[in-house]
1. Can we say residue 106 is surrounded by fewer than 22 Cβ atoms within 10 Å (Cβ to Cβ), over 17 Å from residue 179 (Cβ atoms) and out of contact with any Phe, Trp or Tyr (no Cβ under 6 Å at 6 or more places or on another chain)?
2. Collect the residues in segment 56-82 that are out of contact with any Pro (no Cβ under 9 Å at 6 or more places or on another chain) and open to solvent by 80 Å² or more (accessible area, probe 1.4 Å), keeping them in residue-number order.
3. If I filter segment 202-214 down to residues being over 17 Å from residue 63 (Cα atoms) and hydrophobic (A, V, I, L, M, F, W, C), which single residue comes out as modelled with the highest pLDDT?
4. Do the conditions hold for residue 105, that is, is it assigned to a helix (DSSP H, G or I) and of a type in the set (Val, Ile, Thr)?
5. Here's a check for you: in segment 113-147, which residue that is open to solvent by 30 Å² or more (accessible area, probe 1.4 Å) and polar (S, T, N, Q) is nearest to residue 159 (Cα to Cα)?
6. Scan segment 180-201 for residues that are in contact with a helix residue (DSSP H, G or I) (Cβ under 8 Å, 6 or more places away or on another chain) and either of a type in the set (Gly, Ala, Ser) or modelled with pLDDT of 95 or more (or both) and jot them down.
7. Limited to segment 47-85, what total is found for residues that are charged (D, E, K, R) and part of a strand (DSSP E or B)?
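The values are calculated or read from the model by the stated rules, or taken from the named source; none is laboratory data. Since we're looking at a predicted model, the values are computed, not measured. Cβ: placed from backbone, ideal geometry, glycine included. Neighbour counts: every protein chain shown. The accessibility values were calculated without ligands, DNA or RNA, using every heavy atom of the protein model including side chains. Shrake-Rupley method; radii C 1.70, N 1.55, O 1.52, S 1.80 Å.
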Amino acid sequence: MVLRALLTLVIGAALAVGAQAQVTRPGQFAPLDGEEGQGPLPNRLVGAVGVTEFLGATVPTDLTFLDEQGREVSLATLLDGERPLMVAFVYHSCPMLCSLVLDGTADAIAETDLALGQDYHVLAVSIDPRDTPERAAAAKARYARLNEFGDLSAFHFWTVGEEHQASVEALADAVGFRYAYDVRTGEYAHNAANVLLSPTGKVTRYLYGIDHDPRDVKLGLIEASEGTVGSAFDRFLITCYEYDEDAQSYSLAVLTVTKIGGGLLLLVFGGLLVYFWRRESKSPDDWADARPAPTL
């Protein structure tokens, strides 16, 4: 009995150590495509996948791709100085992650009160040269509901093909998006991140993950627009928020709000002081003239 109890304890301890050794915290590793961030990258891909933020960098606008109709298109047609652009890097044979990225992007389009097409464009660009315009068109058809929230034609699904592969590589390099093809699985490893570009192609913000707060999307697009998107109040509102790198979202800029509130209070008190000073400075004759004449 004693020997059996000791053996049970030894086996239990070994299992506990083994289980502990396999536990990883989400966020420690870049997610392999299809793993939702729960597992580490294989050693053969470490360092080849990730996102390096190049805020303020400008992407080349002369890059060419194929649209959903198979027509050759240039990035310059979207970065024409009028509207900001949200870019998602995906591929259409992806087993899981890319669909989640596109679904999250579509939800963000539906939930923000900016209008797709009128206020901004979205580009889902394939990193896989095996993708065809037909695949891209089929993927886009899943999001026909977005016509309720703007112009679906402003949600672009572009592919590269072998003749345009250098274009998506150049675009990814320009924004710091690193992805890698895993020959053992036949899949691409990459992160879930959307990149916001200004109307002239400047990198302004990165939105990580597959679920985006509508407020973050709206503020990010307003910030990226450089004053071309949103109402006057929206453009004022962005001055009251700042991007929190740790939380990866926008939060109220307490110092800015305090300064604005203090300035408004000074204006109010200044106006009251002027009013009372003018009232006190009136002579008795002024007060007499101000009184209504007695009626008979």
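1. Values: surrounded by fewer than 22 Cβ atoms within 10 Å (Cβ to Cβ): yes; over 17 Å from residue 179 (Cβ atoms): yes; out of contact with any Phe, Trp or Tyr (no Cβ under 6 Å at 6 or more places or on another chain): no.
So residue 106 fails the test.
2. Scanning segment 56-82 gives 58, 62, 72, 77.
3. Step by step, filter segment 202-214, then rank; the result is 207.
4. Numbers: assigned to a helix (DSSP H, G or I): yes; of a type in the set (Val, Ile, Thr): yes.
Yes: the conditions hold for residue 105.
5. Ranking the qualifying residues of segment 113-147, first place goes to 132.
6. Scanning segment 180-201 gives 180, 189, 192, 194, 195, 196, 197, 198, 199, 201.
7. Filtering segment 47-85 for residues charged (D, E, K, R) gives 53, 62, 67-68, 71-72, 80, 82-83.
Now restrict to residues that are part of a strand (DSSP E or B): 72.
Looking only at that region, the number is 1.
Residue by residue, here is whether (1) in a helix (DSSP H, G or I); (2) free of Cβ contacts under 8 Å to residues at least 24 places away in the same chain holds:
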{"residue": "146", "(1), (2)": "yes, no"}
{"residue": "157", "(1), (2)": "no, no"}
{"residue": "166", "(1), (2)": "yes, yes"}
{"residue": "171", "(1), (2)": "yes, no"}
{"residue": "174", "(1), (2)": "yes, no"}
{"residue": "188", "(1), (2)": "no, no"}
{"residue": "191", "(1), (2)": "no, no"}
